[in-house]
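Presented below is the structure to which this report refers.
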Amino acid sequence: MKSLTIRNLSKTYFDLYAGTNHTAIHDVSLEVAEGDFVAVVGPSGCGKSTILNMIAGFIPLSGGEILVGGRPVKGPGPDRGVVFQSFALFPWKTVLENVAFGPKMRGVGKAEREAIAREYLALAKLTEAANRYPNELSGGMQQRVGVVRALANNPDVLLMDEPFASVDAQTRMTLQEELTRIWQEKRPTVLFITHDVGEAVFLANRVVVLSKGRVLDDIGIDLPRPRSWDALNEDADFKALSNRVLQLVRSA
């Protein structure tokens, strides 16, 4: 795992209808230390996913720079794993084959990549699902496969774009607890995009509030780990931090 550095990042689009340029991201700078977990929140249209897509190398920068471990991002690469809202699993491959796919593309031998895949499936409590196909799994199980598939490729930075938005509330809480447990064990460097304030405060060590393409605030989350919803639902510090972030988002 390595650090993620964003310096003076900007993104400008040409609006065909208006015939003018539109700046979606304005001079954003952000540091995510190696092994840190940072969540980015903000209202719809504030530029959260645009920033993630630039970090992933899916869209070009208009200005500034993005560094992973001190090296500039020039396009997509295996040093950045991405987990989307959609499960994006290969339906014709088993769960084991899905998780082993990244190591396979890196040239890892069959026995080793299957061992890696089984390790991560065990971490996500999915060992018994190894030989099943995605359509045989619940939505929550599919998203857990998506998370460990990204981790199994040993990326330097894990990028997560509202990965739990499509599941029901109870499953979402379970997935959030599972993610915090997996993060504590493996300590990947994580940038997590969400519009859910409670989710951001529950998961992260820092919450960055974005407003109209600019960083409005960067708030440290000093809550003990491991975290569970049973423990935090009525926790005064959790409520205070969530309220502070919510007020910033609502003013954005």
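Some notes on this structure:
- Packing-based order for 152-165, 210-223, using average beta carbon neighbours within 10 Å, highest first: 152-165, 210-223
- Value of relative contact order over segment 87-154, rounded to a whole percent, pairs C-alpha under 8 Å and six or more apart: 50 percent
- Considering only Cα atoms, the convex hull volume of the chain works out to 135 Å³ per residue.
- Pair-distance distribution P(r) for segment 70-195, from all Cα-Cα distances in 10 Å bins starting at 0: 13, 47, 34, 6, 0 percent.
- Cα-based convex hull, segment 198-252, per residue volume (Å³, whole number): 68 Å³
- Within segment 90-122, trypsin sites (Lys or Arg not before Pro) in DSSP loop having at most 11 other beta-carbon neighbours inside 10 Å: R106
- In plain terms, the bigger the Kirkwood radius, the slower the diffusion; for segment 1-145, with that radius from Cα pairs, at 10 °C and 1.306 mPa s, Stokes-Einstein puts D at 90 µm²/s.
- 5 angstrom amide H check on L210, placed H, neighbours 5+ away: V41, G42, L216
- Cα→Cβ-extended label distance, 7 Å offset, between R225 and R244, nm: 1.9 nm
- Mean separation of Cα contacts under 8 Å (6+ apart) over length of the chain, as relative contact order %: 27 percent
- Size of charge dipole - segment 87-154 - debye, nearest 20, with Cβ of Lys, Arg +1 and Asp, Glu -1, no other charges: 120 debye
- For the chain: lysine pairs under 24 Å (alpha-carbon distance), excluding those fewer than 8 apart on one chain: 19
- For segment 1-76, the set of trypsin sites (Lys or Arg not before Pro) satisfying both a DSSP loop assignment and a count of at most 10 other C-beta atoms within 10 Å is given as K74.
- The length gained by stretching the chain between S10 and E34 to full extension, at 0.36 nm per residue less their Cα-Cα distance, is 6.3 nm.
- Additional length obtainable on full extension of the chain from D237 to S138, 0.36 nm per residue less Cα span: 32.3 nm
- Remark: relative contact order (segment 180-230) = 31 percent; criterion is Cα-Cα distance under 8 angstrom and separation of 6 or more residues.
- Difference of contour (0.36 nm per residue) and Cα-Cα distance, A165 to W92: 23.8 nm
Read-outs: derived from the displayed coordinates by stated rules, not from any lab. This is a predicted model, so every value here is computed, not measured. Cβ atoms come from the backbone with ideal geometry, glycine included; neighbour counts cover every protein chain shown.
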